[in-house]
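Right, one structure below, let's go through it.
All of the numbers you see were taken from the coordinates with simple rules; none came from a lab. Not measured: the values here are computed from a predicted model. We place every Cβ from the backbone using ideal geometry, glycine too, and count neighbours over all the protein chains shown.
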Amino acid sequence: MRLFFAIIIAMNSAFAFTGGAEFSFLDRSVKFPDTQEGVLLEHDFEFQNTGDEPLVINSYEVACSCTKIDFPKEPIAPGKKGQIHLSFDTNAKYGFQSRKVKISSNAKKEITVIQFKVTVIPHNE
């Protein structure tokens, strides 16, 4: 009888960790060419929900207000694609910039990171 309950518990545990929403990006990182200060850089990160439940993006976190993203507010159905639009204001930024954006969602991996890099050339150079 104990063996029977152990098998039932093990099966329930196995099924509890399967399924769910899942991000699948074409590319999670972009390297912009060297850019003059004051330019607004933009990039679209394409993704697909490769899970079996709707994907819901809840929020995002960045190091400064110079970086913003726009993401789908509606759930992304399994198998469907979406995009996250990133913008980075280079005003008052100098030299090499490497920024990460932490995206919070209901995906299996709750925090997904996208990033970009750019070297910003000051106005006086």
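Here is how the numbers come out for the structure above:
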| read-out | value |
| --- | --- |
| All positions within the range 70-108 that are out of contact with any strand residue (DSSP E or B) (no Cβ under 7 Å at 6 or more places or on another chain) and under 14 Å from Ser59 (Cα atoms) | Lys73, Glu74 |
| Residue in the range 99-121 that is more than 21 Å from Phe23 (Cβ to Cβ), free of Cβ contacts under 8 Å to residues at least 40 places away in the same chain, in contact with a Ser or Thr (Cβ under 7 Å, 6 or more places away or on another chain) and not polar (S, T, N, Q) present | no |
| Residue check for Asn91: at negative phi, surrounded by 14 or more Cβ atoms within 10 Å (Cβ to Cβ) and not aromatic (Phe, Trp, Tyr) | no |
| Residues within the range 104-125 that are in a strand (DSSP E or B) and not hydroxyl-bearing (Ser, Thr, Tyr), tallied | 10 |
| Single residue of the range 104-125 satisfying the filter (among the hydroxyl-bearing types (Ser, Thr, Tyr) and under 10 Å from the mean Cα position of the chain (by Cα)) that is farthest from Cys64 (Cα to Cα) | Ser105 |
